[in-house]
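What follows is a set of notes on a single structure, which appears directly below.
The values are calculated or read from the model by the stated rules, or taken from the named source; none is laboratory data. Just so it is clear, the model here is predicted, and its values are computed rather than measured. A quick note on method: Cβ atoms are made from the backbone with ideal geometry, for glycine too, and the neighbour counts reach across all protein chains shown. Only protein heavy atoms, including side chains, enter the accessible area calculation; ligands, DNA and RNA are left aside. Shrake-Rupley method; radii C 1.70, N 1.55, O 1.52, S 1.80 Å.
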Amino acid sequence: PKSINRLDPDVVPIGERAFRSWLLLFGFLPIDYDDLSFTEITPGKAFEEGAPTFSLRVWSHRRTVHGVPGGTRITDQLRFAPRLRPIAPVLLPPSSFSH
């Protein structure tokens, strides 16, 4: 949201809903939402957000920042659990399936 211009634990509430974000099909039809909250903020190093949604019981997204020669590497880690187990294959990338 416009009210949050930097990820600082003194500014952003930890463990409380920071905002609700809507997922829009075709840019206008609401089909899901995120109740986003930050569970961890380590300035300059990492942050983690959690967002239960209508379709997901658990959604956790952690980003870690590492300085590398000539730039920065950002590592993403995702963890989620759908509310309806049969939709799990739709949410996983093809490389996640065992053959």
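Overview of values
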| read-out | value |
| --- | --- |
| Spatial extent of the chain: Rg and Dmax, with the Cα atoms as the point set, Å | 15.7, 47 |
| Shape box of the stretch 10-66 [Cα atoms, principal axes, largest first, Å] | 36, 24, 21 |
| Gyration tensor (Cα) of the stretch 35-89, equivalent ellipsoid semi-axes in angstrom | 28, 13, 6 |
| Cβ-placed point charges (K, R +1; D, E -1), dipole of the chain about Cα centre in debye, nearest 20 | 220 |
| Sequence of ASP34, ASP76 from largest to smallest accessible area, 1.4 Å probe | ASP76, ASP34 |
| Per-residue SASA entry for PHE47, accessible area with 1.4 Å probe, Å² rounded to 10 | 40 |
| Heavy-atom SASA rank of PHE26, PHE38 (probe 1.4 Å, accessible area, largest first) | PHE26, PHE38 |
| Exposure of ARG62 as accessible area (Å², to 10), given a probe of 1.4 Å and all protein chains | 60 |
